[in-house]
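Asks: I am attaching a structure below and will ask some questions about it afterwards.
The values are calculated or read from the model by the stated rules, or taken from the named source; none is laboratory data. Remember, predicted model here, so these are calculated numbers, not experimental data. Cβ sites come from the backbone with ideal geometry, for glycine too, and all protein chains shown count toward neighbours.
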Amino acid sequence: MKKLLLLIAIVLFCSCSNDDKNSSENQLKGEWSLISISGGINSQSSPKPEQKITIEFAANILKTYNNGTLTNTQAFSYQTKKSIFGDIKKMIEVQSNLIANDIPKLQSFEIKGDELYLKDECYDCYTYKYARINAAKL
């Protein structure tokens, strides 16, 4: 009987951690339009008005578009770990090819309704606020 209870406990424990990852993946999937950028040394507060920046998360690929033109495709992965700002956070690790190859970029993320907040995991860096595109489709 004890072995059966132990087996059930192990299965439940494993399935719970998987559900959280799948939930994060499902929430993040789709297209997002950049609303504002804040932070940094000079406290930048919004994207340039002539630019419409959008991102798309799908199948561990992050695509970035500028005015509808694909400008970057990057692999990413999900993680849950301690943030440099405290607490355990959901994060994405993006294999950045904008700065230099093989330098990953770590960002914590939070979704509030149809808004996504991506925060660079470094001091004096940026927080990006996005709005979900076509939320009704999901």
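Asks: Test SER83 against the stated conditions and say whether it is modelled with pLDDT under 85 and surrounded by 14 or more Cβ atoms within 10 Å (Cβ to Cβ).
Replies: no
Here is a yes/no grid of residues against (1) closer than 22 Å to TRP32 by Cα; (2) acidic (Asp, Glu); (3) at pLDDT 85 or above:
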{"residue": "GLN74", "(1), (2), (3)": "yes, no, yes"}
{"residue": "GLU93", "(1), (2), (3)": "yes, yes, yes"}
{"residue": "ASN97", "(1), (2), (3)": "yes, no, no"}
{"residue": "ILE103", "(1), (2), (3)": "no, no, no"}
{"residue": "PHE109", "(1), (2), (3)": "yes, no, yes"}
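Asks: Within the stretch 51-94, can you find the residues that are assigned to a loop (DSSP other than H, G, I, E, B) and either without any contact (Cβ under 8 Å) to a residue 12 or more places away in the chain or more than 15 Å from GLN107 (Cβ to Cβ) (or both)?
Replies: If the condition is that a residue be assigned to a loop (DSSP other than H, G, I, E, B) and either without any contact (Cβ under 8 Å) to a residue 12 or more places away in the chain or more than 15 Å from GLN107 (Cβ to Cβ) (or both), then GLN51, LYS52, ALA59, ASN67, GLY68, GLY86, ASP87 are the ones that fit.
Every residue, every condition in (1) in contact with a helix residue (DSSP H, G or I) (Cβ under 9 Å, 6 or more places away or on another chain); (2) modelled with pLDDT of 90 or more; (3) surrounded by 15 or more Cβ atoms within 10 Å (Cβ to Cβ), yes or no:
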| site | (1), (2), (3) |
| --- | --- |
| LEU6 | no, no, no |
| TRP32 | no, yes, yes |
| GLU50 | no, no, no |
| ILE61 | no, yes, no |
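Asks: Testing ILE41 on (1) modelled with pLDDT of 90 or more; (2) in contact with an Asp or Glu (Cβ under 8 Å, 6 or more places away or on another chain), one condition comes back false. Which one is that?
Replies: Single failed check for ILE41: (1).
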